[in-house]
Amino acid sequence: MYKISVVPGDGIGKEVMDATINVLDSLDINFNYKYNDAGDECKEDCGYALPEDTLKIAKNSDACLFGAAGETAADVIVKLRQEMKLFANLRPIKSYPNTNALFDDLDIMIVRENTEGLYKTESEEYTDEGAIAKRIITREAEERIINYAFKYAEDNNKSKVTGVHKANVLKKTDGLFKDIFYEVSKNYPSIEAEDYYVDATAMYLITRPKDFEVIVTTNLFGDILSDEGAGLVGGLGLIPSANIGEHGGLFEPVHGSAPDIAGKGLANPTAMLLSAEMMLRYLGENTEADRLNDAILTVLSKGETLTPDLGGSSNTKELGEAVKNNL
Ligand code: GGG
């Protein structure tokens, strides 16, 4: 029996989480869910965006499923990642059938550093002139994430890792990142190492995305490039993510709370379902993860039960039910 901390969060987070739990309940695994609040609504209700209890339960679970963060993202999901030391954020950009994917067979893994960079929220402050944010880059954290990316490539039969930075302008912080990237790459002689500036990468992702296999980058760049990647394969409703640390894992769709469609049943639960699949693999439940993946692919391939973002007219619950019926 796995202890799973469930934090639906804000907006469409609740809807996609309900659809996903409904599917997980049909697998041959027993889960003990602990539901906890966090987010904008939680802050309005109790004064805290991330109550102590939510953090404590997330830390003491086998894995955490997170729905979506709204305006309080910095105090909720960014804080959870930092407090739980979930240093690696894996954001797979994959093409699926019957989506508005611009390319048919993309399979890129974005490995984003998750604990520092510009997202170290306590280092942002108001000043007399305006406001200032410090970009923290430590040798320890960058070595750890770059190692993770190369190891990921090795374990998943990938032949190349691309380090993404802006070292011509951010000479110290990204200069260090680039140096560490090539130092670490020496430990992985069978994996090709290349590096690009982040602005060039943003263009190459559109002009020749198939050249990328694994991208490793700092926190903010990874956040931005993964939304661009979502645009390449049909939207944010299809991009899951895993936040991995030495002692924990938190799984969430890359999308936000989408207040414009929240409560209307329009949200695509696929990103949350694929995040649950990543959780199953993290837990070592690969057979059930394969079953879930097959069911998701079957539903997308049939194209009969798609949400409006994919050109269908089904709702969140119906897509989830279809996945459950195809397990
Ligand atoms: N990019 C879609 C979105 O709004 N995601 C929620 C968010 O901002 N999360 C913060 C993060 O992933 O670092």
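Here are the numbers:
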| item | result |
| --- | --- |
| In Å², nearest 10: area of Val169 left accessible to a 1.4 Å probe | 100 |
| Highest to lowest packing among 100-109, 113-122, scored as the average C-beta count within 10 Å | 113-122, 100-109 |
| Solvent-accessible area per residue, Å², over the chain with all protein chains present [probe radius 1.4 Å] | 44 |
| Pairs beyond 24 Å (Cα-Cα), from Lys14/Lys79; Lys79/Lys178; Lys14/Lys210; Lys34/Lys151; Lys134/Lys172 | Lys79/Lys178; Lys14/Lys210; Lys34/Lys151 |
| Inter-label distance for Glu183 and Asp62, nm, one decimal - labels placed 7 Å from Cα along Cα-to-Cβ | 3.8 |
| DSSP beta bridge pairing in the chain, given as percent antiparallel to the nearest 5 | 45 |
| Carbon + sulfur, % of accessible area of the stretch 79-155 - ligands and nucleic acids excluded, 1.4 Å | 45 |
| Distant-in-sequence amide H partners of Lys166 (H built 1.01 Å from N, under 5 Å) | Val198 |
| Kirkwood-based shape ratio for the chain, expressed as Rg/Rh from alpha carbons | 0.96 |
| Most to least packed among 171-181, 229-239 [average Cβ atoms within 10 Å] | 229-239, 171-181 |
| Pairwise centroid distance, computed over Cα atoms, of the stretch 262-310 with the stretch 217-256, Å | 15 |
| Mean separation of Cα contacts under 8 Å, 6 or more apart, over the residue count of the stretch 182-327: relative contact order % | 16 |
| Global form of the stretch 5-151, assessed from the alpha-carbon gyration tensor, a/c cut-off 1.5 | oblate |
| GNM result for the chain, Cα springs below 10 Å: residue of His255, His247, His165 fluctuating most strongly | His247 |
| Computed over the stretch 255-326: relative contact order in percent, which uses C-alpha pairs under 8 Å that are six or more apart | 34 |
| Three-way shape call for the stretch 157-203 based on the alpha-carbon gyration tensor, with the a/c threshold at 1.5 | oblate |
| Whole-angstrom gap from the stretch 116-153 to the stretch 1-50, using each part's C-alpha centre | 28 |
| Cα-based shape type of the stretch 107-232, given that a ≥ b ≥ c are square roots of the gyration tensor eigenvalues and the cut on a/c is 1.5 | prolate |
| Per-peptide average of other Cβ atoms within 10 Å, ordering 71-80, 23-32 highest first | 71-80, 23-32 |
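The values are calculated or read from the model by the stated rules, or taken from the named source; none is laboratory data. As the structure is a computational prediction, the values presented were derived from the model and not from experiment. With ideal geometry, Cβ positions are generated from the backbone for all residues, glycine too; neighbour counts draw on all protein chains shown. Ligands, DNA and RNA are stripped out before the accessible areas are found, and what is left, the full protein with its side chains, is counted by its heavy atoms. Shrake-Rupley method; radii C 1.70, N 1.55, O 1.52, S 1.80 Å.
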